[in-house]
Amino acid sequence: MTAPPNTPERLDDAELIEQSRHRPESFAALYDRHFGHIYRYVAARVGPQVADDLASETFLTAFRKRHSFDPDRGAVRGWMYGIATNLLADHRRSEMRRLEALARVPADEPGEDEHSDRVAARVTAAGTRRRLVAELGRLPDGERDVLLLVAYGDLSYDEIAQALDIPLGTVASRLNRVRKKLRVALDDVVTESGGSDG
């Protein structure tokens, strides 16, 4: 049995926003559809301890601002990721502390019976992780946001442009710069560890 045409299950996101302006309870369908994705993105950025609060705050903010949503500017999904990213900006200092702590985590001490190749691989991996985390910490906020919306949010360039309220070309150029910077960091780690196998 199919649901009637105006029930939340049958409406797309923009129609739900419109309907929620007159029937606020229909906004719950947006929460059900998108909370898991927003939660995972936020948790990847700041950890699970505060992700529930920030993800919930994202939906509370979206609910409060639903009257200002403009479907001509893009999809609801990108709009919500933009709200989440703005809320994350308030938590950027703790994100930086988390990245810095991750960079300081020492590699596991090798056991006596481990082969020297395994020891070298662990040291290289630890150095690579520390270097990449340090590079992430040095990225300008806008570049880091674009990278993490791709990596953690799995957003398209169009959705990122909408979420950050920047032109599509800016998304592409920021992501290109980030890739170059991370590639250089990886090349430096390979050089410092004695070259590559290729």
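Annotation: of all residues in the stretch 12-55 being aromatic (Phe, Trp, Tyr) and out of contact with any Ser or Thr (no Cβ under 6 Å at 6 or more places or on another chain), the one that is surrounded by the most Cβ atoms within 10 Å (Cβ to Cβ) is Tyr41.
Within the stretch 66-79, the set of residues being closer than 25 Å to Val150 by Cα and open to solvent by 40 Å² or more (accessible area, probe 1.4 Å) comprises Asp70, Pro71, Asp72, Arg73, Ala75, Arg77, Trp79. Picking from residues in the stretch 103-159 that are acidic (Asp, Glu) and modelled with pLDDT under 70, the one that is most open to solvent (accessible area, probe 1.4 Å) is Glu112.
The helices (runs of 4 or more DSSP H) found wholly in the stretch 1-102 and carrying at least 1 residues that are out of contact with any strand residue (DSSP E or B) (no Cβ under 9 Å at 6 or more places or on another chain) and modelled with pLDDT under 90 occupy 28-46, 48-64, 76-89.
The values are calculated or read from the model by the stated rules, or taken from the named source; none is laboratory data. A quick note: this is a predicted structure, and the numbers were derived from the prediction, not measured. With ideal geometry, Cβ positions are generated from the backbone for all residues, glycine too; neighbour counts draw on all protein chains shown. All accessible areas refer to the heavy atoms of the entire protein, side chains included, with ligands and DNA or RNA removed. Shrake-Rupley method; radii C 1.70, N 1.55, O 1.52, S 1.80 Å.
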